[in-house]
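Down below is the structure, laid out as structure tokens.
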Amino acid sequence: QVQLVESGGGLVQAGDSLRLSCAASGRTFTIYARSWFRQAPGKEREFVAGISWNGRHTEVPDSVMGRFTISKDNANNAVYLQMDTLKPEDTATYFCAASTSDTIDISADRYAYWGHGTQVTVSS
């Protein structure tokens, strides 16, 4: 099994930045692509960034392109989400996910492991 723990969420004002971290432990040699999703109350879980195992390939949707950047540190089994120019509509619980495949997939059901989430609230 793999355990994922997110950190770095909080309450910020519009225009501010936050950096989320996701630490992995356990059988980390079984996970490859890592991604971030978010879910706002009453909405479906939404893909916001993904990165391949070697970090060479990343993907972000148009909704956050130019504002969110994903990176990773394989030595520490960590993945990060740098969020800049935050907007009130970015308010959500942010989840870290890990796949046993090295394909970055925007569908949540493709990921075998999930963290418990960290809350990001952006005030206007």
Q.
Given the criterion out of contact with any Phe, Trp or Tyr (no Cβ under 8 Å at 6 or more places or on another chain) and in a strand (DSSP E or B), identify the matching residue among S63, S25.
A. S25
Q | Number of the exception - F68 against (1) without any contact (Cβ under 8 Å) to a residue 40 or more places away in the chain; (2) among the aromatic types (F, W, Y); (3) open to solvent by 70 Å² or more (accessible area, probe 1.4 Å) | A | (3)
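Being open to solvent by less than 30 Å² (accessible area, probe 1.4 Å) and not in a loop (DSSP other than H, G, I, E, B) is the filter; apply it to the stretch 87-107 and report the residue that is farthest from M65 (Cα to Cα).
Just the residues of the stretch 87-107 that are open to solvent by less than 30 Å² (accessible area, probe 1.4 Å), to begin with: 90, 92, 94-99.
If we keep only those that are not in a loop (DSSP other than H, G, I, E, B) too, we end up with 90, 92, 94-98.
On the way: D90: 13, A92: 17, Y94: 16, F95: 18, C96: 18, A97: 19, A98: 21 Å.
Among those that are open to solvent by less than 30 Å² (accessible area, probe 1.4 Å) and not in a loop (DSSP other than H, G, I, E, B), it is A98.
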Q) So, in the stretch 44-65, of the ones that are more than 11 Å from the chain's Cα centre (by Cα), free of Cβ contacts under 8 Å to residues at least 24 places away in the same chain and within 18 Å of R19 (Cβ to Cβ), which residue ends up least open to solvent (accessible area, probe 1.4 Å)? A) G55
Q) Of all residues in the stretch 108-124 being open to solvent by 40 Å² or more (accessible area, probe 1.4 Å) and in a loop (DSSP other than H, G, I, E, B), which is farthest from G50 (Cα to Cα)? A) S124
**Q.** Leading residue by the ranking (most open to solvent (accessible area, probe 1.4 Å)) among those in the stretch 19-43 that are of a type in the set (S, T, N, Q) and over 14 Å from the mean Cα position of the chain (by Cα)
**A.** S25
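The values are calculated or read from the model by the stated rules, or taken from the named source; none is laboratory data. Worth saying up front: this structure is predicted, and the values here are computed from it rather than measured. Because the Cβ atoms are built from the backbone with ideal geometry, glycine has one as well, and the counts that use them run over all protein chains shown. Side chains included, ligands, DNA and RNA excluded: accessible areas come from the protein's heavy atoms. Shrake-Rupley method; radii C 1.70, N 1.55, O 1.52, S 1.80 Å.
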